[in-house]
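The values are calculated or read from the model by the stated rules, or taken from the named source; none is laboratory data. Source: prediction; values computed, not measured. Methodologically, a virtual Cβ is constructed for each residue, glycine included, from the backbone with ideal geometry; neighbour enumeration extends over all protein chains shown. Please note that ligands, DNA and RNA were not included when accessible areas were found on the heavy atoms of the full protein model with its side chains. Shrake-Rupley method; radii C 1.70, N 1.55, O 1.52, S 1.80 Å.
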Amino acid sequence: MSEKYRYERKYLVPLYLEDYLANLLQYNANLFEEYAPRQVTSIYFDTLNFSSASQNIDGESNRFKFRIRHYNKSLSDFKKSIFEIK
């Protein structure tokens with residue numbers, strides 16, 4: 001199975017452009033849903049001194065995140081959980 005990657009870009013938007021950007025995305029961006037509606041459960045792990053949380057608060061972009069993620073609620077779905085290092 002080929003692995004799909006998701007890329008994120010984050011931008012600071014001045015407050016005076018907030019409504020403009022919301023309208024642009026809603027009506028002009030050709031957005032689509034890639035997955036059917038589902039519940040996503042993520043469990044994130046950290047060190048004893050909360051270094052991951054500190055890095056997040058400090059805005060560090062080059063950091064590792066360790067998590068287990070699964071979709072929906074049934075036990076069979078939980079058995080398909082994925083451990084990720086991001």
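Quick look at the numbers
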item: Semi-axis lengths (Å, descending) of the ellipsoid that matches the C-alpha gyration tensor of segment 8-86; result: 29, 23, 9
item: At R0 = 22 Å, FRET efficiency that the Cβ-Cβ distance of Ala36 and Lys65 yields, to 0.05; result: 0.30
item: Of all accessible heavy-atom area on segment 35-86, the percent that carbon and sulfur account for (1.4 Å); result: 59 percent
item: Inter-label distance for Asn23 and Ile57, nm, one decimal - labels placed 7 Å from Cα along Cα-to-Cβ; result: 3.9 nm
item: Selection of GluC sites (Glu not before Pro), segment 21-86, meeting DSSP coil and at most 11 other Cβ within 10 Å; result: Glu33, Glu34, Glu60
item: Those chymotrypsin sites (Phe, Trp or Tyr not before Pro) in segment 10-75 that DSSP places in a loop and that have at most 11 other beta carbons within 10 Å; result: Tyr11, Phe32, Tyr35, Phe50, Phe64
item: Computed accessible area, Ser74, all protein chains, 1.4 angstrom probe, square angstrom; result: 50 Å²
item: Overall Cα dimensions of segment 37-80, principal axis frame, Å, largest first; result: 36, 24, 13
